[in-house]
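The values are calculated or read from the model by the stated rules, or taken from the named source; none is laboratory data. Since we're looking at a predicted model, the values are computed, not measured. Counting neighbours? That spans all protein chains shown, and the Cβs are built from the backbone with ideal geometry, glycine included.
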There are 2 protein chains.
Amino acid sequence: MPSPAVVIGVDSSTQSTKAAFIDAATGEQLAVGRAPHLVTGEAGARESDPEIWWRALCEAVAAGLKESGLPARAVTGIAVAGQQHGLVVLDGAGRPLRPAPLWNDTRSAPQAAALTDALGGPGAWTERTGSVPVASITASKWQWLRENDSTSAAGAAAVRLPHDFLTERLAGVAATDPGDASGSGWYSTATGAYDPELLELLGLDAALLPEVAPTGAARIGSLTGAAAEALGLPAGIAVAAGTGDNMSAAVGLGLGGEGLLDHPALSLGTSGTVFAASRTRPASTALNGFAAADGTYLPLACTLNCTLAVDKVAALLGLDREDATPGGDAVLLPYLDGERTPDLPTASGLLTGLRHDTTRQQLLGAAYEGAAVTVLRAMDELLAACGLDPDAPEVAARPLRLIGGGAQGRMWVETVRRLSGRPLV
Amino acid sequence: MPSPAVVIGVDSSTQSTKAAFIDAATGEQLAVGRAPHLVTGEAGARESDPEIWWRALCEAVAAGLKESGLPARAVTGIAVAGQQHGLVVLDGAGRPLRPAPLWNDTRSAPQAAALTDALGGPGAWTERTGSVPVASITASKWQWLRENDSTSAAGAAAVRLPHDFLTERLAGVAATDPGDASGSGWYSTATGAYDPELLELLGLDAALLPEVAPTGAARIGSLTGAAAEALGLPAGIAVAAGTGDNMSAAVGLGLGGEGLLDHPALSLGTSGTVFAASRTRPASTALNGFAAADGTYLPLACTLNCTLAVDKVAALLGLDREDATPGGDAVLLPYLDGERTPDLPTASGLLTGLRHDTTRQQLLGAAYEGAAVTVLRAMDELLAACGLDPDAPEVAARPLRLIGGGAQGRMWVETVRRLSGRPLV
């Protein structure tokens, strides 16, 4: 039996890399190789050496190939989806000048605020890039670098996002895609290109940036000989532009120009994320108006407190996480880490409605409700930003895609179903 | 050995009667007899038949006498301290016309509000009676009776407070004292007499009311033959005017004209109560400006949520009530039953400051702190109403008397000590 044609999808995330071996004809996942990363830093710092990502990619591909039992020649293409927003600065030989500040590095918060002001407020940013600068946006990190490590900033021969860096290692071509580029803070979702005025504001030379491929699926080159050797794969196979992790998740869910549009997906994890592919360019300061990998848009809102916050309440009450009932008169907003959506960075967890007849199970249920209603409100804002009325019957009837760890929990599913009034898939 | 001279102090409270046999020379308590009461009613109603109090008094005295082993002739005097505020209406023969609505009967709340308005607001009431009418004040209950049982109101030959009713059964004399009278809503602490204008407002004939003795300790008569027979005591022994339960507690603590003035006492029970004897007539709408039994004043403030509310939080957290630490950033206002001081009748329990590193012990500590700070704030208002600056060093240095069930708890004592910064006795 001849080997099937196989493509490799690489997920280079914050803590680890996965390489999924997929049958190109059927879409079946044949094997997955994994390798962990190291994140270092304290007091707001979160950094990784990009070379670690590259080594992890090589290890994960090797492990996946071994698990699949396939010959290397079966592999015909590869693309990378990476954690968004991280800032990679390279020297002229493509070597990292320093560890990359990651998306969750909060040292760049002051720079984000200053950038927002510099353009006259959130609205101007939404207008251009689709998103308001926060600490996670790459532009904020670039400003932080200029102020705190000017040697690296001044010496940078190339500026990359994490997935661009890996794609360039594979194909020797400096390329990115609209999706990941839209999280940089210097790419305009309005024009589909880097924004010259923003680059000037940031003191960033456009020549340092990769070309933006039309879509993440576009072939931008071929596997180089050096990369082929490092990966144990045939040189010359197709390398696609790849994209950011949220954009690739949308592709995996079938959202986008080829599939479901304006169907919201809810990811219940450490944080709660809601996103939808849309042809309408979203413009709301309450969410990230990313581009998708395929020419559509990917408005995305993210709450900070979701499954981890509810688990903390369960632990305080000494309850199993499934041992909950509806909260009754108790209302609990589990903003244990402060909150981002709504924008309440200094908030903490709040409980009200406590009575003598309140049960522990109700308190835990109230925590579920508070976390769920927060992400469902973000969903309503997102639908409105797509030009849809969330309360209109035909919009409210659209099934909600529930993903992430919380989607495995009975109480999560019941709570979202009850509070949203929507069918879940 | 001759028998010591013994006096009997009767505590006729909401749920039971105690008769304490005291050595008149030494103050030593020789025996205590007890008998329970029945309180009936639902949906806000709380009533008892006054005849039950009388029978319980007889039983408690008999039980105490038996326990003491003393001959009846050793007893030389008796006085009653009773639950405040209850409304007793009698026929011409001294028989109750109906069950007495008690202090905690809340059906009279609308009448309290109407009375407050009728005089032009809280300030006018504080000016005259020292207290603003609430549902518990006797005047509110009298208005409720006129509106809801006009037969009993119109047919009343005598109107009494619970302790007056019992004193009259003992001595055949209609007498009360300034302390209990000051909780009626028709006695002026400014003039030390019934207020004719308030009686007119209430449609209440002064002839229906008992004489006000100068102090609760004043002898108002002698034990009648009938009472002596019912109690198994010698006829002719002294009967003093007696007083309300809060006033007698102040006497027991040594507060008042003969003892410590302006030294606050904190009672930590189901509700938290703070009071102090003062020569200054208090005038604050935030507290009850009672008269004391001895010619001084007894300003008193009462919070609704104290030990029971903290115990509820401990139960929710699965903690022993002593397993608490200071609350840290967590703030918990345990107003599980709504609150009266401050005036937040529709409040419920509120928690804020919840973080991922918050412990169960901190949450319980925060409940202690919330309940304690509520009663300590009431104490500051009370001291201010006595003309004292709570922050002045000589005032802040006065020891706080901690009584009630909470005074037995280590965490209660530590929390009050820490938050008040005062020495405790």
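Can you tell me which residues in the range A:144-167 are out of contact with any Gly (no Cβ under 7 Å at 6 or more places or on another chain), surrounded by 24 or more Cβ atoms within 10 Å (Cβ to Cβ) and of a type outside the set (A, V, I, L, M, F, W, C)?
Hits for the range A:144-167 are A:ARG160, A:ASP164.
Suppose the filter is in contact with a His (Cβ under 8 Å, 6 or more places away or on another chain) and assigned by TED's automatic domain parsing to the domain that holds B:HIS263; does B:LEU336 pass it?
Yes.
State all residues of the range B:191-200 that are over 14 Å from B:VAL212 (Cα atoms) and either in the same structural domain as B:PRO282 (by TED's automatic domain parsing) or out of contact with any helix residue (DSSP H, G or I) (no Cβ under 6 Å at 6 or more places or on another chain) (or both); if no residue qualifies, say none.
B:PRO196, B:GLU197, B:LEU198, B:GLU200
Taking the range A:1-60 as the region of interest, how many residues are of a type in the set (D, E, K, R) and within 14 Å of A:LEU166 (Cα to Cα)?
The total comes to 6.
Restricting to the range A:70-82, name every residue that is surrounded by fewer than 18 Cβ atoms within 10 Å (Cβ to Cβ) and within 15 Å of A:GLN15 (Cβ to Cβ).
Within the range A:70-82, no residue meets the criteria.
One residue is enough: does the range B:379-394 have a residue meeting the conditions under 25 Å from the mean Cα position of the chain (by Cα), away from chain A (no Cβ under 14 Å) and assigned to a strand (DSSP E or B)?
For the range B:379-394, residues under 25 Å from the mean Cα position of the chain (by Cα), away from chain A (no Cβ under 14 Å) and assigned to a strand (DSSP E or B): absent.
Any residue at all in the range A:149-158 that is touching a Pro at 6+ places or on another chain (Cβ under 9 Å) and either polar (S, T, N, Q) or touching a residue at least 40 places away in the same chain (Cβ under 8 Å) (or both)?
yes
Tell me which residues, restricted to the range A:148-161, are within 13 Å of A:GLY203 (Cα to Cα) and under 26 Å from the mean Cα position of the chain (by Cα).
A:ALA153, A:ALA156, A:VAL159
For the range B:331-353, state whether one or more residues are under 22 Å from B:LEU419 (Cα atoms), facing chain A (nearest Cβ under 9 Å) and of a type in the set (Val, Ile, Thr).
Yes.
How many residues does the range A:320-348 hold that are at pLDDT 95 or above and among the charged types (D, E, K, R)?
5
Do you know which residues across the range B:254-271 are of a type outside the set (Gly, Ala, Ser) and either in a strand (DSSP E or B) or within 23 Å of B:GLY27 (Cα to Cα) (or both)?
Across the range B:254-271, the qualifying residues are B:LEU255, B:GLU258, B:LEU260, B:LEU261, B:HIS263, B:LEU266, B:LEU268.
Looking at (1) touching a residue at least 12 places away in the same chain (Cβ under 8 Å); (2) within 12 Å of chain B (Cβ to nearest Cβ); (3) in a loop (DSSP other than H, G, I, E, B), which one does A:ALA367 not meet, given that it meets all the others?
Against the list (1) touching a residue at least 12 places away in the same chain (Cβ under 8 Å); (2) within 12 Å of chain B (Cβ to nearest Cβ); (3) in a loop (DSSP other than H, G, I, E, B), A:ALA367 comes up short only on (3).
Being surrounded by fewer than 23 Cβ atoms within 10 Å (Cβ to Cβ) and more than 11 Å from every other protein chain (Cβ to nearest Cβ) is the filter here; which residues of the range A:305-327 pass it?
Correct list: A:THR307, A:ALA314, A:ASP320, A:ARG321, A:GLU322, A:ASP323, A:THR325, A:PRO326.
Please go through (1) surrounded by 19 or more Cβ atoms within 10 Å (Cβ to Cβ); (2) touching a strand residue (DSSP E or B) at 6+ places or on another chain (Cβ under 6 Å); (3) in a helix (DSSP H, G or I) for A:GLU67 and return the number of the only condition it doesn't satisfy.
(1)
Taking the criterion of being away from chain B (no Cβ under 14 Å), surrounded by fewer than 16 Cβ atoms within 10 Å (Cβ to Cβ) and at pLDDT below 95, would at least one residue in the range A:243-252 satisfy it?
There is at least one residue in the range A:243-252 that is away from chain B (no Cβ under 14 Å), surrounded by fewer than 16 Cβ atoms within 10 Å (Cβ to Cβ) and at pLDDT below 95.
Which one of A:ALA93, A:ALA45, A:ALA100 is buried (at least 18 other Cβ atoms within 10 Å of the Cβ) and in the same structural domain as A:GLY179 (by TED's automatic domain parsing)?
Selected residue: A:ALA100, the only one of A:ALA93, A:ALA45, A:ALA100 that is buried (at least 18 other Cβ atoms within 10 Å of the Cβ) and in the same structural domain as A:GLY179 (by TED's automatic domain parsing).
Report, by residue number, each residue of the range B:395-420 that is over 22 Å from B:ASN305 (Cα atoms) and part of a loop (DSSP other than H, G, I, E, B).
Within the range B:395-420, B:ALA397, B:ARG398, B:PRO399 qualify.
Is at least one residue of the range A:279-302 free of Cβ contacts under 8 Å to residues at least 60 places away in the same chain, touching a Lys or Arg at 6+ places or on another chain (Cβ under 7 Å) and facing chain B (nearest Cβ under 8 Å)?
Looking through the range A:279-302, none of the residues is free of Cβ contacts under 8 Å to residues at least 60 places away in the same chain, touching a Lys or Arg at 6+ places or on another chain (Cβ under 7 Å) and facing chain B (nearest Cβ under 8 Å).
From the set of residues in the range B:388-399 that are more than 13 Å from B:SER420 (Cα to Cα) and charged (D, E, K, R), which is surrounded by the most Cβ atoms within 10 Å (Cβ to Cβ)?
Going through the qualifying residues, I end up with B:ASP389.
Return the total of residues in the range A:347-387 being in contact with a strand residue (DSSP E or B) (Cβ under 6 Å, 6 or more places away or on another chain) and either aliphatic (A, V, I, L, M) or crowded, with 20+ Cβ neighbours inside 10 Å (or both).
The number of residues fulfilling the criteria is 16.
Do you know which residues across the range A:211-232 are assigned to a helix (DSSP H, G or I), of a type in the set (Gly, Ala, Ser) and free of Cβ contacts under 8 Å to residues at least 60 places away in the same chain?
A:GLY225, A:ALA226, A:ALA227, A:ALA228
Please verify whether A:PRO110 is buried (at least 20 other Cβ atoms within 10 Å of the Cβ) and in the same structural domain as A:PRO162 (by TED's automatic domain parsing), treating the condition exactly as stated.
Taking the combined requirement at face value, the residue does not satisfy it.
With in contact with a Ser or Thr (Cβ under 8 Å, 6 or more places away or on another chain), without any contact (Cβ under 8 Å) to a residue 24 or more places away in the chain and of a type in the set (A, V, I, L, M) as the only criterion, which of B:ALA193, B:ALA235, B:ALA175 stands out?
B:ALA235
Working only within the range A:168-177, note down all residues that are farther than 16 Å from A:ARG55 by Cβ and assigned to a helix (DSSP H, G or I).
Correct list: A:ALA171 only.
Being β-branched (Val, Ile, Thr) and assigned to a helix (DSSP H, G or I) is true for just one of B:VAL239, B:VAL274, B:VAL251. Which residue is that?
Step by step, each of B:VAL239, B:VAL274, B:VAL251 is checked, and only B:VAL251 is β-branched (Val, Ile, Thr) and assigned to a helix (DSSP H, G or I).
Out of all the residues in the range B:110-130, is one or more free of Cβ contacts under 8 Å to residues at least 40 places away in the same chain and part of a loop (DSSP other than H, G, I, E, B)?
yes
Look through A:LEU223, A:LEU208 and report the one residue that is under 24 Å from the mean Cα position of the chain (by Cα) and either at positive phi or at pLDDT 95 or above (or both).
Of the residues listed, the single one that is under 24 Å from the mean Cα position of the chain (by Cα) and either at positive phi or at pLDDT 95 or above (or both) is A:LEU208.
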